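Below you'll find the structure, written out as structure tokens, and then a few comments.
The values are calculated or read from the model by the stated rules, or taken from the named source; none is laboratory data. None of the values given here were measured: they were computed from a predicted structure. Every residue, glycine among them, receives a Cβ derived from its backbone with ideal geometry; neighbour counts consider all protein chains shown.
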Amino acid sequence: MKPLNMLRIKLKTGFAFSVAFLLLIGGCRKKEAPLPDNLVQFESDNQGLPETTASITVKLRLSRAANAEIPVTVSFTPIGVVYDTDFTTAPSATSGTIALTIPSGSSETSFTITKKDGVLLDGDEKIEFKIASSGAPVIIGTMNLFTLQFAEIVSRGAEMMGDGGGITYGNKLFFDLSANQQSAVQRTKWDLGFYSGDEWRVILNSSTFMMAKQIDKNDLNAVTAADTVGFSQSFYNHDMPEHASLAYIDYPDGDLSKTAIAEVSATAADNKVYIVNRGVGIGTPVPQRGWKKIRIIRNGSGGYTLQHADIAATTFSSVDIPKKADFYFNYVSFETGAVAVEPQKDKWDIAWSYFTNAIDFGWGDVPYAFQDFILINRNVEMAKVLASTKSYTDFKEADIASLDFKDAQNAIGGDWRKGGSPGMAPSVRDDRYYIIRDEDENYYKLRFTAMAKDGERGYVGFEYALVKRGDD
């Protein structure tokens, strides 16, 4: 976790450090420890393909990135379905085998299974996949079997390792526990999210530390770079108390009444222009994403209209955004227009992301850039359990009744990990775990196991197990 560069919180310590070097005599060198085996395995062992879903992508992952191309073959046995009659794969299969390649420098590959148009299935059909071979020096791991069921499933649990993009934290990750699935989206892919519920709310991309400030103008073309002066100086140069900048971000708990952008009024004249700092991008050094000016109104078709332009532009572009009931938010990029970001609202439970948090340093909450932040979906609740009260292994359905569930999106937040200190990296807390209640009343116990892969930050590992099924 590290502060936004705009906060400039100065930490003073009285520590002194000394470094001693060990000189090796006679040309002797310490032997490096051999790397552990590089394993190829399925991402999960069981997934479902519901009637309403046409295709699914299955991933295979290495323990670490390959330094050469690695060929992998996957064999499969259909049960109740026929290849090229009921389903196909990409890449195409030959004699029940799919040939894949993990590119040099990569740690994963995948294939897609697609149902043929017009196929009607009963739901008890399935395909069993097996990793049949892999090229040296990669060897086949223990999770070498995968079953695809042609029906909705309720997973009994699994181990997950999410790829957040490594040290630059380039991805936001979404996890669907009951389906054993995860998906990633580059965190600079979007700028604004438009709420599909009854309220007329717009959220900022909190994974890039965006900020927005309303100004007393209705004409987008009348706004210039001069309008950013008070905003930029107050935030970056401390012309105002740091906690005042909290009004320019969406509050981290996800409360839609505490967003930087006010509710979009049905009266167009009441919707003012906002100047927007798009925050930071992905890379080293971290790039600045620049300024925009925006105005949002309701449109006649029951959705939103976004007007946006570069801060110095004298014309603007418009994008219409409908409300889609299957999603909590529909997203827009200033560069590309409407974009797909998060899964449908019933297709994810928790997310991992770089995030604009708020921390009280003694003078009120201030925006703070937080790595490895865990969010829960709006239809999910969470309760924390300390291992000293009940161990993860011993937690059973009977223990659920005593829990206090919370529904704020930051209910887990950074609680799952210890913060770093001088000379010490952050680490996973092993004294706690979490009970997740999803939209279908499935209860899972979940504990985090990793926040790095091969020593590199920007990954998250956890295990989870079904405690109570919703339809029991």
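Data overview
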read-out	value
Filter pass, S104 being more than 29 Å from D349 (Cβ to Cβ) and assigned to a loop (DSSP other than H, G, I, E, B)	yes
In segment 276-313, the residues that are over 18 Å from T356 (Cα atoms) and either of a type in the set (D, E) or surrounded by fewer than 16 Cβ atoms within 10 Å (Cβ to Cβ) (or both)	T284, P285, N299, G300, S301, G302, D310, A312, A313
Any hit, segment 79-92, residues being in contact with a strand residue (DSSP E or B) (Cβ under 7 Å, 6 or more places away or on another chain), at pLDDT 90 or above, in a loop (DSSP other than H, G, I, E, B) and closer than 30 Å to E463 by Cα	no
Among the residues listed as G419, G458, the single one being more than 28 Å from E152 (Cα to Cα) and exposed (fewer than 15 other Cβ atoms within 10 Å of the Cβ)	G419
Residue in segment 364-376 that is over 18 Å from I412 (Cβ atoms) and modelled with pLDDT of 95 or more present	no
Scan of segment 461-472 for residues that are out of contact with any Gly (no Cβ under 6 Å at 6 or more places or on another chain) and either buried (at least 17 other Cβ atoms within 10 Å of the Cβ) or assigned to a strand (DSSP E or B) (or both), ordered by number	G461, F462, E463, V467, K468
Members of segment 314-325 found to be surrounded by 15 or more Cβ atoms within 10 Å (Cβ to Cβ) and touching a His at 6+ places or on another chain (Cβ under 9 Å), listed by number	F316, V319
Single unsatisfied condition, Y251 versus (1) surrounded by 14 or more Cβ atoms within 10 Å (Cβ to Cβ); (2) more than 23 Å from the chain's Cα centre (by Cα); (3) at pLDDT 95 or above	(2)
Residue, farthest from A90 (Cα to Cα), within segment 47-69, restricted to residues that are surrounded by fewer than 18 Cβ atoms within 10 Å (Cβ to Cβ) and among the polar types (S, T, N, Q)	N67
Inter-residue pairs, beta-carbon under 9 Å, first not assigned by TED's automatic domain parsing to the domain that holds K468 and in segment 388-413, second assigned to a loop (DSSP other than H, G, I, E, B) and crowded, with 16+ Cβ neighbours inside 10 Å, 6+ apart	none
Scope segment 416-445; condition modelled with pLDDT under 95, assigned to a loop (DSSP other than H, G, I, E, B) and among the hydrophobic types (A, V, I, L, M, F, W, C); matching residues	A425
Residue ID - nearest to Y274 (Cα to Cα), chosen from residues in segment 210-229 that are part of a loop (DSSP other than H, G, I, E, B) and among the β-branched types (V, I, T)	V223
Matching residues, segment 157-182, being in a strand (DSSP E or B) and out of contact with any Ser or Thr (no Cβ under 6 Å at 6 or more places or on another chain)	G157, E159, M160, M161, G162, D163, N171, L173, F175, D176, Q181, Q182
Residue match in segment 446-456 (condition: among the small types (G, A, S), modelled with pLDDT of 95 or more and either within 21 Å of the chain's Cα centre (by Cα) or not in a loop (DSSP other than H, G, I, E, B) (or both))	yes
Qualifying residue in segment 286-293 (condition: assigned to a strand (DSSP E or B), under 23 Å from the mean Cα position of the chain (by Cα) and at pLDDT below 95)	yes
Residue satisfying all of: in segment 116-156; in a loop (DSSP other than H, G, I, E, B) and acidic (D, E); farthest from the chain's Cα centre (by Cα) among these	D122
Test: residue in segment 393-402 that is charged (D, E, K, R) and in a strand (DSSP E or B)	no
Any hit, segment 326-348, residues being free of Cβ contacts under 8 Å to residues at least 24 places away in the same chain, over 30 Å from G48 (Cβ atoms) and crowded, with 18+ Cβ neighbours inside 10 Å	no
Of all residues in segment 309-354 being in a loop (DSSP other than H, G, I, E, B) and among the aromatic types (F, W, Y), the one that is farthest from L220 (Cα to Cα)	W348
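Residue-by-condition table, conditions (1) without any contact (Cβ under 8 Å) to a residue 60 or more places away in the chain; (2) among the acidic types (D, E); (3) closer than 26 Å to Y464 by Cα; (4) not assigned by TED's automatic domain parsing to the domain that holds G458:
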| position | (1), (2), (3), (4) |
| --- | --- |
| A66 | no, no, no, yes |
| V82 | yes, no, no, yes |
| A99 | yes, no, no, yes |
| T109 | yes, no, yes, yes |
| G123 | no, no, yes, yes |
| M160 | no, no, yes, no |
